[in-house]
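Below you'll find the structure, written out as structure tokens, and then a few comments.
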Amino acid sequence: MIYRSRAPLRIGLAGGGTDVSPYSDEFGGAILNATISHYAHAVIEPLESGGIILNAMDRSECEQHDKLAALPINGLLDLHKGVINRLLKDYGIAQENFSLTTFVDAPAGSGLGTSSTLMVAIIGAFAEMLKLPLGEYDIAHYAYEIERKDLQLAGGRQDQYAATFGGVNFMEFYADDKVIVNPLRIRNEYLYELENNLVLYFTSTSRESATIIKEQQKNVLQKNEKSIDAMHQLKEQARRMKEALLRGNLNEIGEVLDFGFQQKRNMAHNISNSLIEDIYDAAKKAGATGGKISGAGGGGFMTFYCPLNTRYKVIETLNSFGGLVKPYQFTKSGLTTWTTH
């Protein structure tokens, strides 16, 4: 038997960064995001012998261990090992010999939630194999605990929940790991228009999000008023985005995105840089009414709202910067798992 899973990556539309502790614990956070047709994939194949084989195909990383035991966290395939170590502790794994192979449709550090989505996909494959009674909230929280607490990787909480639930969601984050996922019932014609007008652009650069996030956390702890006020404004941006989408006021989307872009730069250094600023300004001159940096910032993907027929001129302009416009569709389903022969 072969156990497979896939979990969708996401585009953050508003509120980015307010899901990160300690801000969310003290003030409460709010984010609006949507999953897209780019995925993290995980496959578990039982073996007759050979121990444990871990393989990240997109990163050309492979490691073999003679027996199933707590695996060393050493910077190589740590997400894979983190899940195995936690499952061994909490549930046990009866299958002693297996291979775990993964692939992600976007590069690490791209700002689409790749690491957390991969974590969800790995947990999903093991849940399928071990028949674990885990619901959507359980899997998302489990992924968050392994990544943020067991592995001590800095970051927020939206990605694990987006990957698990799928669709367009307005998420609220509070103290004591409380998360509320509110699926939005957006009319199909509004979603089609949003999908048509929202251009996804890879800058061909990636970044280490942990550095930016740690500075953001430090700013909250040190009561940096400029940074905290920016997060308050981004939380309000998420509410404005929700209302615009539900009411079909799509002409407001670009303005709401642009408002968030201005605020996000005040959260921490290195969220923006000269390349991002040049790309953003050029896209607006070509007809985009607003945009944002995906994830923590510093590089990776950017999104631009291009009303009417401006997307074509914007895409032509973006291509001149040497990056890549990526086609996508919104998805309604989250983590999916299945068994095959």
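The values are calculated or read from the model by the stated rules, or taken from the named source; none is laboratory data. Predicted model, so just to flag it, every value in this text is computed and none were measured. For neighbour counting, all protein chains shown are included, and Cβ atoms are generated from backbone atoms with ideal geometry for every residue, glycine included. Quick note on the areas: whole protein, heavy atoms, side chains included, nothing else; ligands and nucleic acids left out. Shrake-Rupley method; radii C 1.70, N 1.55, O 1.52, S 1.80 Å.
Observations on the model:
- Gap separating the Cα centres of the range 36-51 and the range 64-123, nearest whole Å: 10 Å
- By accessible area, using a 1.4 Å probe on protein heavy atoms only, the chain has 48% of its surface on carbon and sulfur.
- Modelled label reach - I93, point 7 Å along Cα→Cβ, the range 4-26 residues with backbone N closer than 16 Å: 4-5
- Cleavage-rule hits (GluC sites (Glu not before Pro)) in the range 48-126: DSSP loop, at most 10 neighbouring Cβ within 10 angstrom: E48
- Neighbour cut-off at most 10 other Cβ (10 Å), DSSP loop, trypsin sites (Lys or Arg not before Pro), the range 170-250: R185, K223
- Shape class of the range 209-341 from the Cα gyration tensor (axes a ≥ b ≥ c, square roots of the eigenvalues): rounded, since a/c falls below 1.5.
- V325-N309 pseudo-label distance in nm [points 7 Å out on the Cα-to-Cβ vector]: 1.4 nm
- Build a GNM of the chain with springs between Cα atoms under 10 Å apart, and of H141, H232, H65 the one that fluctuates most is H65.
- Karplus-derived HN-Hα couplings along the range 110-115 (A = 6.51, B = -1.76, C = 1.60, θ = phi - 60°), whole Hz, x at Gly and Pro: 8, x, 9, x, 4, 5
- Amide proton proximity set for E61, modelled H, under 5 Å, gap of 5+: A56
- Think of each Lys and Arg Cβ as +1 and each Asp and Glu Cβ as -1; about the Cα centre, that makes the dipole of the chain roughly 600 debye.
- Distance between modelled label sites at D138 and E277, nm, 7 Å Cα→Cβ extension: 5.0 nm
- What the Cβ-Cβ distance of K332 and K67 gives, at R0 = 41 Å and to the nearest 0.05, is a FRET efficiency of 0.50.
- Mean accessible surface per residue for the range 227-332, computed with a 1.4 Å probe while every protein chain stays in place, in Å²: 43 Å²
- Remark: for residue pairs K178/K235; K149/K226; K214/K242; K235/K285; K81/K218, the C-alpha separation exceeds 24 Å in K149/K226; K214/K242; K235/K285; K81/K218.
- Low-density loop positions, chymotrypsin sites (Phe, Trp or Tyr not before Pro), the range 1-74 - DSSP coil, at most 16 other Cβ in 10 Å: none
- Cross-link partners of K284 among lysines (Cα-Cα below 16 Å; sequence separation of 8 or more within a chain): K292, K313
- Where both bridge residues fall in the range 24-170, DSSP classifies roughly 75% of the beta bridges as antiparallel.
- Database remark: amide H of A14 closer than 5 angstrom to the amide H of L32 (H placed geometrically; neighbours at sequence offset of 5 or more, or on other chains; Pro and chain starts carry no H).
- Over the range 45-182, Cα pairs under 8 Å with separation of 6+ residues give a relative contact order of 21 percent.
- Neighbours of G50, meaning other residues whose beta-carbon lies under 12 angstrom from its beta-carbon, give a summed charge of -3 when Lys and Arg score +1 and Asp and Glu score -1.
- Note on the chain: antiparallel DSSP beta bridges, both residues inside, total approximately 90 percent of the bridges counted.
- Our helix-only sum for the chain, with -39,500 (n - 2.57) per DSSP H run of n ≥ 4 divided by its residues, gives a mean residue ellipticity at 222 nm of -12000 deg cm²/dmol.
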